[in-house]
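Some notes on the structure that comes next.
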Amino acid sequence: MGVVYIGDRAAGKTHLAMELTNPNYQFVNTTNLDYEVLKASLYNEDYGGTKPTDAAQPAYDYYLEINVKLPTGIKQIKVDWIDTPGEIWRKSWQTGNPNQWQSFLKKVQVSEGIVLVMSPYREIIKPDVGDIDDFITRHQWCTRFARWVKFFQQDCPRARHILLCLNKADLIKGTNLTEEAQKLCYYPDGSRMNWQSRHMHVLNRYFRLVEPQIKAINQSTSGLSVRCFITSVYNRQLLELPWIYLGSYI
Ligand SMILES: Nc1nc2c(ncn2[C@@H]2O[C@H](COP(=O)(O)OP(=O)(O)OP(=O)(O)O)[C@@H](O)[C@H]2O)c(=O)[nH]1
Ligand SMILES: [Mg+2]
């Protein structure tokens, strides 16, 4: 099964994927990539974050074997992790690099799982976070979302699962990440929230601005479901949820 990670510049694609290989895990782990090795190539210690993915490269291809511990046993997901630089979503990049853009589109077109990593918008960022200008405004965020929807509809014919991950949830005003994780986290015995309730909780709370569009896709395209998640590189439970979801449904 093909899974692609997409998202704009600095949304957190590389950092989230790197954290997935962290050996301190609960239900989701990778068996073929080493955290320390990846960290050495992707992380900048001085700056305390992942380095921007090189825009001169259309995509770095990694192969990831992800094991998800489910009540029915271990489910292995084989993932082509295509690490794309955020630039590729810019029209100027696409017209300037037509071959690379086409080759990326080809990969997306055969993917069944699409993980879209998004940043929160400026108005919901905690006041004490450094550079608020790094975040787009609510209005820009909505416009951008409409373009993603168009992309899903036009360019992702094989998609069965679209996972919208609002990343950097640790920076969102009024959100207590630990509490939120306790509410949403996965219990193998199924004693807590099911996937539909998790989706509704996150949709109502974090994706309300674009709720009509999400509902419309879910209703109009049979065999395709869009599910909302919040993620953060600082919370293992939330970070694992999209993968547990994929493991349960693929
Ligand atoms: N606070 C916080 N910072 C994050 C989180 N995820 C990523 N970051 C930081 O945000 C910055 C961008 O993250 P990347 O993973 O490099 O973003 P990307 O989507 O790969 O960006 P490009 O490769 O430039 O397209 C880095 O400094 C990360 O360390 C998160 O969950 N919380
Ligand atoms: Mg990157």
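The values are calculated or read from the model by the stated rules, or taken from the named source; none is laboratory data. As the structure is a computational prediction, the values presented were derived from the model and not from experiment. Cβ atoms come from the backbone with ideal geometry, glycine included; neighbour counts cover every protein chain shown.
State all residues of segment 173-217 that are under 20 Å from T143 (Cβ atoms) and not in a loop (DSSP other than H, G, I, E, B); if no residue qualifies, say none.
Hits for segment 173-217 are L203, Y206, R208, L209, V210, E211, P212, Q213, I214, K215, A216, I217.
How about segment 137-177: which of its residues are within 14 Å of the chain's Cα centre (by Cα) and small (G, A, S)?
A169, the sole residue that qualifies.
Which number in (1) within 12 Å of ligand 2 (Cβ to nearest atom); (2) in a strand (DSSP E or B) marks the one condition that V4 misses?
The number of the failed condition is (1).
Determine the pairs where a residue that is closer than 20 Å to T84 by Cα, located within segment 11-35, has a partner that is small (G, A, S) and within 16 Å of ligand 1 (Cβ to nearest atom) with Cβ atoms under 8 Å apart, the partner being 6 or more residues away or on another chain.
A11/G86; A11/S119; G12/S119; K13/G7; K13/G86; H15/G49
Across segment 7-31, which residue is nearest to ligand 1 (Cβ to nearest atom) among those that are in a loop (DSSP other than H, G, I, E, B) and in contact with a Phe, Trp or Tyr (Cβ under 7 Å, 6 or more places away or on another chain)?
D8
Tally up the residues in segment 1-50 that are surrounded by 15 or more Cβ atoms within 10 Å (Cβ to Cβ) and of a type outside the set (A, V, I, L, M), please.
Of the residues in that region, 21 qualify.
For segment 32-46, how many residues meet the condition of being in a loop (DSSP other than H, G, I, E, B) and more than 15 Å from E65 (Cβ to Cβ)?
Within segment 32-46, residues that are in a loop (DSSP other than H, G, I, E, B) and more than 15 Å from E65 (Cβ to Cβ) number 2.
Of the conditions (1) away from ligand 1 (no atom under 11 Å from the Cβ); (2) surrounded by fewer than 13 Cβ atoms within 10 Å (Cβ to Cβ), G130 fails just one. Which one is it?
(1)
Could you list, ordered by first residue, the pairs with Cβ atoms under 6 Å in which the first is in segment 91-106 and free of Cβ contacts under 8 Å to residues at least 40 places away in the same chain and surrounded by 16 or more Cβ atoms within 10 Å (Cβ to Cβ) and the second is charged (D, E, K, R) and in a helix (DSSP H, G or I), at least 6 apart or interchain?
Listed pairs, sorted by first residue: W93/E87.
Restricting to segment 31-52, name every residue that is modelled with pLDDT of 90 or more and over 23 Å from F104 (Cβ atoms).
Residues satisfying the conditions are Y35, E36, K39, A40, Y43, N44, G49.
Being under 17 Å from G7 (Cβ atoms) and modelled with pLDDT under 95: is that true of F207 here?
For F207, the condition - under 17 Å from G7 (Cβ atoms) and modelled with pLDDT under 95 - is not met.
Is it the case that some residue within segment 111-125 is modelled with pLDDT under 90, within 18 Å of the chain's Cα centre (by Cα), of a type in the set (V, I, T) and closer than 28 Å to R160 by Cα?
Scanning segment 111-125 turns up no residue that is modelled with pLDDT under 90, within 18 Å of the chain's Cα centre (by Cα), of a type in the set (V, I, T) and closer than 28 Å to R160 by Cα.
Could we say that R236 is closer than 30 Å to D128 by Cβ and basic (K, R) here?
yes
Consider only pairs whose beta carbons are under 9 Å apart and that are at least six residues apart or on different chains; among these, list those whose first residue lies in segment 61-88 and is at pLDDT 90 or above and whose second residue is away from ligand 1 (no atom under 12 Å from the Cβ) and of a type in the set (D, E).
V68/E240; P71/D189
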